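*Asks:* Dropping the structure in here first, questions after.
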Amino acid sequence: MSEALITAALTAAAAFAAAGLASWLALRGVRHQTKTQRELAAADRVDRREIEARAVRREAYTQFIAAAIRCAGLIREAKDAHIDDAEYRERHSAVQRALSDLILAQAIVSVEGPEEVSAAAVHARRSLDRELEAMHAHRSGSGSAQSVVDAGHARLQAVGFMSNAARRALNGETEPPVAAPCVAH
């Protein structure tokens, strides 16, 4: 074989090996880039789910607190000593309807969690129930005015505790919701 033919064969083999190595390195780079893009997309989906879950929780907590405040306002209106029995019965019924709405809002909070907020919602709702009972007992003559005042203070504390628990949950100071993994392989 001639020296030129050997040189050409070696040059061709070297070029073929270099092309093969370059292709392998390019394929490896593309695979790495694809894997990184998948991981980033999965992390983005998890972030979006967490943001959406936080927004749903915020709405549930806000609805509950608004319903509790509405209920407390109706109780305050029903406490008016200057109303007749018919007006009192009407206002008492309005409070009971508001408490029914509050139970629905509490159920949503219980689903959204976390446990600390759910328990605070139960406590707030029960404090409103007790305030209504104390007011009714006082109106009917079987309870004291002080029990109404005490129940009102307990309700204020319970609703405040619910607000604080909701704030802590929204600020990530409680257990976050478990996000389902969404990494595609």
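The values are calculated or read from the model by the stated rules, or taken from the named source; none is laboratory data. Because the structure is predicted, anything quoted here is derived from the model rather than measured. Note: ideal-geometry Cβ built from the backbone for every residue, glycine included; neighbour counts use all protein chains shown. The area values use the complete protein model at the heavy-atom level, side chains included, leaving out ligands, DNA and RNA. Shrake-Rupley method; radii C 1.70, N 1.55, O 1.52, S 1.80 Å.
*Asks:* Residues being more than 28 Å from the chain's Cα centre (by Cα) and open to solvent by 40 Å² or more (accessible area, probe 1.4 Å): count how many of those fall in the stretch 112-146.
*Replies:* Number satisfying all stated conditions: 10.
*Asks:* Separate question: Regarding the stretch 82-94, can at least one residue be identified that is among the aliphatic types (A, V, I, L, M), open to solvent by less than 50 Å² (accessible area, probe 1.4 Å) and free of Cβ contacts under 8 Å to residues at least 60 places away in the same chain?
*Replies:* Checked against the condition, which is being among the aliphatic types (A, V, I, L, M), open to solvent by less than 50 Å² (accessible area, probe 1.4 Å) and free of Cβ contacts under 8 Å to residues at least 60 places away in the same chain, the stretch 82-94 yields at least one hit.
*Asks:* Regarding the stretch 77-89, can at least one residue be identified that is out of contact with any helix residue (DSSP H, G or I) (no Cβ under 7 Å at 6 or more places or on another chain), closer than 30 Å to residue 112 by Cα and not charged (D, E, K, R)?
*Replies:* No - not one qualifying residue is present in the stretch 77-89.
*Asks:* Are any of the residues in the stretch 48-57 modelled with pLDDT under 85 and more than 30 Å from residue 124 (Cα to Cα)?
*Replies:* Among the residues of the stretch 48-57, not one is modelled with pLDDT under 85 and more than 30 Å from residue 124 (Cα to Cα), which makes the answer no.
*Asks:* Also, quick follow-up: Identify, from the list 94, 68, 72, the residue that is more than 17 Å from residue 152 (Cα to Cα) and either under 23 Å from the mean Cα position of the chain (by Cα) or in a helix (DSSP H, G or I) (or both).
*Replies:* 94
Quick grid of which residues meet (1) out of contact with any helix residue (DSSP H, G or I) (no Cβ under 8 Å at 6 or more places or on another chain); (2) modelled with pLDDT of 95 or more; (3) among the charged types (D, E, K, R):
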residue	(1), (2), (3)
91	no, no, yes
98	no, yes, no
106	no, yes, no
114	no, no, no
122	no, yes, no
125	no, yes, yes
130	no, yes, yes
134	no, yes, no
138	no, no, no
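*Asks:* A further question on this structure: How many residues, within the stretch 42-61, are open to solvent by less than 80 Å² (accessible area, probe 1.4 Å), in contact (Cβ under 8 Å) with a residue 12 or more places away in the chain and within 18 Å of residue 168 (Cβ to Cβ)?
*Replies:* Residues meeting the conditions: 5.
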